[in-house]
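The values are calculated or read from the model by the stated rules, or taken from the named source; none is laboratory data. Worth saying up front: this structure is predicted, and the values here are computed from it rather than measured. Note: ideal-geometry Cβ built from the backbone for every residue, glycine included; neighbour counts use all protein chains shown.
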Amino acid sequence: MKALHLVLLPLLAAQPCLGAVTQDIIMAPEGKVEARTGPAAAWVPVENKVRIAAGAEIRTGNDSKAGVFFPDGSRFMLGNNTLFSVDATGKKKAGFQLKFGRLKAAVAGYFSSRFEVRTPSAVCAVRGTEFDLDVAKDGGTEMNVSEGLVEVNDSKGAMAVVSSEERIKVGMDGMTPPETVSLKDESAGLAARPMAVRQETARERTRTMLEELRNRELKANEAQLGKDSIDAFGKRVRIEEYLLRPSNKEFKLLFLSRRAEEGRLDWGHLIERFQNKIPDDISQVGGIINGMYFSKTAPVNWMKYFEVYLTNTIDSVKETIDFGNPVSIDFSGYGAGVGSRYYPSSIDYKQILSGPGVALAVGAGTGGLNADERAQFQQTQDYNSSTAGQFTFTQKVVNASGALAVLEKTTLNPADLADVSAGGTNITDNAGLWGGPYPSDPDYSATINPVTTEVYPSGPGKADFMVTSTYEDGSTLSSRKLLVLNDGKIMDTTFNPADPAGSFVKEGSFNLELAVTSNLFQGRNIDVLIAPEILSQQKSATTTADSFAIR
Amino acid sequence: MKRLIIVSLLCAPWIADAKGVEVTGKLDLYGGQYFFGSRSGAFNGYGILDAQLAKSYSTSSGLIVSARSVYTGFKQVNELSGGGTLFQQSLDDSIGAKWIKRYEGGYSLKPRIGVKNELFRETKDEKWGEGLYDFNRYEAGLTLERKTRLGLSTPWTYQFSWDFYDTRYTRFKSLASQYGQELAAPNPGSRVLDTFTNQFSYDSELDLPGFMKAEIFAAVSLVDYPDQRVINSAGAYLSSKRSDSYQALNLGLSKRLNDLDALGRIRPVLGLTAGLANLFSNQNHLDTDPKHLKYIGSYYDYLETRLAPNAQFSFISSGLVLRLGYEFAVRRYTDRLAQKADGTYTQSRLSQYSSSASLEAAYPLAHSLDLKLQGNWAASYSNNRYEQVYRYNYESSMYFAGLEWRF
């Protein structure tokens with residue numbers, strides 16, 4: 001018998017398992033056990049394990065028991081004084097009868113499609129279950145389900161699914177409702193038994209999954225709002241943008257780029273200040289700006305000041321534009337039907353560098369600027385102020401002495417068709433744009449004209465454009481603009497050699513990385529990620545009359 | 001805590017059963033690859049070590065200690081759409097304890113506590129423990145369970161649960177709060193992602209006749225952001241804090257059919273899950289992009305429906321188990337507007353349609369050891385064409401293969 005136990009142990013220990021199911025059923029007797037192959041056959045004592053098949057009957061005597069083992073790991077343990085029979089062992093249906101006595105079952109559920117145990121009063125369809133079945137001599141059936149589910153039908157057509165720790169009694173006159181067993185009952189399971197633990201863990205995981213999804217969604221929301229990106233150099237950048245309203249006439253857009261790995265913050269702002277109150281809905285501001293240029297009627301509001309400021313918290317570059325009040329100007333030189341239109345009386349653009357290195361440069365702190373600031377470039381245009389009845393355009397750059405000096409000066413009479421067609425009248429041409437130096441200009445190029453180079457560091461077709469100006473005092477200013485996808489990949493762009501920088505603005509739907517450096521920044525640079533539309537606004541604001549198409 | 005969990009998980013199978021401690025769990029190890037559109041991630045993998053240590057003191061009381069450690073070497077699909085690189089590693093460690101107290105009549109009370117730590121590496125030079133979205137979550141909960149019957153035929157178990165989650169993003173502070181003073185920035189709050197969640201849920205399971213099972217799950221989650229201020233249409237941050245209310249209702253039904261007499265007998269189980277969820281939030285959004293400045297109230301509010309049929313086929317003779325799943329979901333934002341490709345706002349509300357199909361095959365190599373193959377395809381479509389920072393329209397797929405050991 002010990003040997004039999006050793007053989008059976010792996011079966012008893014087996015969990016529900018699907019591996020290589022055959023239809024062999026083995027019966028292992030213990031004590032006085034008899035079996036026969038069918039109702040007509042004679043009972044024979046069984047002392048060793050035997051295969052049993054459909055039609056077989058097993059009966060146990062006093063102090064005896066028998067195990068019935070299935071190839072899928074299922075097992076029946078028959079108690080003493082039990083009569084049990086095998087009705088069917090097919091793949092579609094396996095049927096057994098407990099005519100009287102006790103049966104303790106652990107059913108994996110894979111032996112057959114339908115697994116049933118019949119008693120004189122009940123049919124128990126088993127799903128994957130541990131249960132005890134008692135059948136009295138009068139056919140009355142009592143079943144305790146330890147774990148799993150059993151579907152029980154009585155002779156009256158009633159049906160109940162009985163679950164773990166439930167008990168049902170089925171008599172010849174029908175079933176009583178299943179009852180939950182008392183915790184004091186010997187058939188009650190332990191509080192933290194494996195199946196209960198598995199169910200409890202699964203339910204808790206379902207509830208916690210909601211919080212997990214929320215955590216993920218928070219992260220996704222940050223991405224949707226563009227707050228987390230990779231720059232063109234592979235660095236993780238957090239981006240935040242804020243809209244501030246210092247007064248009802250202006251707004252300020254603040255943008256921050258933080259690279260935690262490098263411990264650096266780059267930030268900047270865009271300020272737009274207007275003559276009068278602007279709407280709460282800032283999106284209407286674009287219409288106010290458009291109304292400043294070439295309006296047939298006097299604008300009721302217009303921009304007074306525009307500023308873009310970028311800094312790495314030590315060095316900075318600031319571009320400012322001051323606008324004069326709109327005045328009525330005769331633009332008939334642009335076409336007979338154009339007539340008088342309103343246009344800013346002056347536009348004054350400045351580019352100002354600052355920082356500890358800038359403070360050491362010649363010319364720092366002049367022109368009303370702070371001691372660590374220097375104006376590197378200035379472009380002004382005015383109407384009627386410098387030249388009566390005409391626009392005067394003046395570009396100034398830092399010269400060899402570190403002071404702003406005139407690079408180009410042009411006048412334009414907007415009422416004169418010939419002058420407009422010629423692009424105005426050049427007064428000073430130190431950059432040689434008008435076919436050579438103006439004869440009266442003694443400062444041509446040698447001490448004023450900066451050398452400007454344009455390169456495409458990532459090659460043609462990539463949105464990576466860098467302009468470097470080397471001024472005559474040796475100072476440099478380099479501005480690199482990159483359009484980057486969120487993974488830091490530099491965007492492919494339809495490259496227009498005629499307007500390389502413009503093609504960046506036209507794309508307009510990716511992060512713009514703006515890297516600015518100067519040899520006055522002592523080896524540092526400014527590197528911010530911003531919405532490219534900021535650049536677009538700057539471009540609109542600095543557009544001059546000679547580049548506008550008047551409609 | 002991470003070491004404690006790993007050590008305890010590794011030791012779990014060997015903790016002496018003689019002490020009355022039941023140990024169950026599993027170890028999964030997988031390798032595979034993700035594809036997002038035309039981009040493919042490097043071959044990577046994930047591992048899950050999951051263990052429950054249960055101690056019953058009697059039929060009425062017991063203790064469950066759960067520990068879980070998950071390493072993921074790639075991004076989930078919903079994270080891929082957020083841009084950034086395909087590279088991401090995450091390490092998720094959690095441990096919890098639950099006391100089970102059962103009473104006569106099928107009643108149980110189950111208080112619990114737990115803590116979770118999740119770490120992310122999102123660029124290759126980012127060190128563990130320095131991820132922007134690293135977080136700790138402290139949990140507590142109480143479940144009242146009743147095991148009873150619905151009529152004569154059907155066992156019915158239902159639970160009312162309260163769960164509390166205190167989530168703290170240890171390294172995430174708004175930039176404005178860090179630098180605001182020197183920049184004269186507004187004050188959106190500092191720990192803007194930290195949340196307190198009180199979740200009340202109802203879970204009901206019915207074992208119906210005919211090998212059918214029905215499940216109803218309903219939850220209301222009140223999520224407070226104690227340090228995230230509400231923004232108004234002028235871009236100003238108010239003193240009131242963000243507060244969300246999330247409601248979810250899921251209905252599931254599954255049925256085991258008769259075995260199919262093919263390929264050595266196949267046991268099919270078919271299921272269908274339907275879900276409805278919505279979010280109400282008092283938070284708004286101001287798009288500060290100068291080209292299309294736009295204020296959108298109730299920016300986060302949405303209604304979501306989902307339908308997910310699934311099927312499982314168990315091949316009795318070989319032991320192979322095949323699981324197929326499909327899910328279709330529609331999320332409609334109630335106030336968020338869809339944008340054109342250039343960012344211009346349309347008048348249409350943003351809608352997102354997502355569908356996914358999954359396949360999993362498990363083949364038993366030995367007792368409690370399965371070889372597993374997983375494949376998934378997912379697609380998302382939206383009327384939002386603005387994808388500067390987030391992909392709303394994409395396809396992704398993945399395959400993984402590995403082993404699962406249950407103990």
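A few points about this structure:
- Residues satisfying the stated conditions in segment B:145-172, i.e. touching a Pro at 6+ places or on another chain (Cβ under 9 Å) and touching a residue at least 40 places away in the same chain (Cβ under 8 Å): B:LYS147, B:THR148, B:SER153, B:THR154, B:PRO155
- In the set A:ILE288, A:ILE282, A:ILE278, only one residue is surrounded by 15 or more Cβ atoms within 10 Å (Cβ to Cβ) and away from every other protein chain (no Cβ under 12 Å); that residue is A:ILE288.
- Condition met for A:VAL21 (β-branched (Val, Ile, Thr) and at pLDDT below 90): yes
- Of the residues B:ASN250, B:ASN282, B:ASN278, the single one that is in contact (Cβ under 8 Å) with a residue 24 or more places away in the chain, crowded, with 18+ Cβ neighbours inside 10 Å and polar (S, T, N, Q) is B:ASN250.
- In this structure, B:TYR333 does not satisfy being touching a strand residue (DSSP E or B) at 6+ places or on another chain (Cβ under 9 Å), in a loop (DSSP other than H, G, I, E, B) and surrounded by 17 or more Cβ atoms within 10 Å (Cβ to Cβ).
- One residue from B:GLY271, B:GLY252, B:GLY275, B:GLY264 being within 12 Å of chain A (Cβ to nearest Cβ), part of a strand (DSSP E or B) and over 27 Å from B:ALA338 (Cβ atoms): B:GLY252
- Test: B:LEU150 is over 19 Å from B:GLY96 (Cα atoms) and more than 8 Å from chain A (Cβ to nearest Cβ): yes
- Test: B:ASP370 is among the charged types (D, E, K, R), surrounded by fewer than 18 Cβ atoms within 10 Å (Cβ to Cβ) and without any contact (Cβ under 8 Å) to a residue 60 or more places away in the chain: no
- Scan segment B:88-132 for residues that are hydrophobic (A, V, I, L, M, F, W, C), modelled with pLDDT under 95 and outside any loop (DSSP other than H, G, I, E, B) and the total you get is 3.
Residue-wise test of (1) over 28 Å from B:THR288 (Cβ atoms); (2) in contact with a Ser or Thr (Cβ under 7 Å, 6 or more places away or on another chain).
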{"residue": "B:LEU337", "(1), (2)": "no, yes"}
{"residue": "B:ALA341", "(1), (2)": "no, yes"}
{"residue": "B:THR344", "(1), (2)": "no, no"}
{"residue": "B:SER348", "(1), (2)": "no, no"}
{"residue": "B:LEU359", "(1), (2)": "yes, no"}
{"residue": "B:TYR363", "(1), (2)": "yes, no"}
{"residue": "B:ALA366", "(1), (2)": "yes, no"}
{"residue": "B:LEU369", "(1), (2)": "yes, no"}
{"residue": "B:LEU373", "(1), (2)": "yes, no"}
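- A:GLY67 being without any contact (Cβ under 8 Å) to a residue 40 or more places away in the chain and in the same structural domain as A:GLY90 (by TED's automatic domain parsing): no
- All of A:LEU244, A:LEU254 fail the test of being among the hydrophobic types (A, V, I, L, M, F, W, C), in contact with a strand residue (DSSP E or B) (Cβ under 8 Å, 6 or more places away or on another chain) and surrounded by fewer than 22 Cβ atoms within 10 Å (Cβ to Cβ), apart from A:LEU244.
- For A:VAL327: the one exception among (1) within 14 Å of another protein chain (Cβ to nearest Cβ); (2) of a type in the set (A, V, I, L, M, F, W, C); (3) more than 44 Å from the chain's Cα centre (by Cα): (1)
- Residue that is farthest from the other protein chains (Cβ to nearest Cβ) [pool: residues in segment B:298-317 that are modelled with pLDDT under 95 and crowded, with 17+ Cβ neighbours inside 10 Å]: B:SER298
Every residue, every condition in (1) within 14 Å of another protein chain (Cβ to nearest Cβ); (2) part of a loop (DSSP other than H, G, I, E, B); (3) at pLDDT 80 or above, yes or no:
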site: A:THR468; (1), (2), (3): no, no, yes
site: A:ASP473; (1), (2), (3): no, yes, yes
site: A:SER478; (1), (2), (3): no, no, yes
site: A:VAL505; (1), (2), (3): yes, no, no
site: A:GLU513; (1), (2), (3): yes, no, yes
site: A:VAL516; (1), (2), (3): no, no, yes
site: A:ASP527; (1), (2), (3): no, no, yes
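- Odd one out for A:PHE233, checked against (1) in a loop (DSSP other than H, G, I, E, B); (2) free of Cβ contacts under 8 Å to residues at least 40 places away in the same chain; (3) in the same structural domain as A:VAL528 (by TED's automatic domain parsing): (2)
- Listed conditions (1) at the interface with chain B (Cβ under 8 Å from one of its Cβ atoms); (2) in contact with an Asp or Glu (Cβ under 8 Å, 6 or more places away or on another chain) are all met by A:ILE271, apart from (1).
- Looking at A:ILE329, A:ILE321, just one residue is in contact with a helix residue (DSSP H, G or I) (Cβ under 6 Å, 6 or more places away or on another chain), surrounded by 20 or more Cβ atoms within 10 Å (Cβ to Cβ) and assigned to a strand (DSSP E or B), and that residue is A:ILE321.
- Residue, surrounded by the most Cβ atoms within 10 Å (Cβ to Cβ), within segment A:89-104, restricted to residues that are within 14 Å of another protein chain (Cβ to nearest Cβ) and in a strand (DSSP E or B): A:ALA94
- Inspection of segment A:436-448 identifies no residue that is at pLDDT 75 or above and either acidic (Asp, Glu) or closer than 23 Å to A:ALA232 by Cβ (or both).
- From A:VAL107, A:VAL117, residue being under 20 Å from A:ASN81 (Cβ atoms), more than 13 Å from chain B (Cβ to nearest Cβ) and of a type in the set (Val, Ile, Thr): A:VAL117
- Residue check for B:TYR363: closer than 22 Å to B:TYR34 by Cβ, within 14 Å of chain A (Cβ to nearest Cβ) and in contact (Cβ under 8 Å) with a residue 40 or more places away in the chain: no
- Selection within segment A:189-224 - more than 30 Å from A:ASN144 (Cα to Cα) and touching a residue at least 12 places away in the same chain (Cβ under 8 Å): A:ALA223
- Condition met for A:ILE239 (surrounded by 20 or more Cβ atoms within 10 Å (Cβ to Cβ), facing chain B (nearest Cβ under 7 Å) and under 30 Å from the mean Cα position of the chain (by Cα)): no
- Selection count where residues are surrounded by 23 or more Cβ atoms within 10 Å (Cβ to Cβ), of a type in the set (Ser, Thr, Tyr) and closer than 23 Å to A:ARG193 by Cα, scope segment A:111-157: 1
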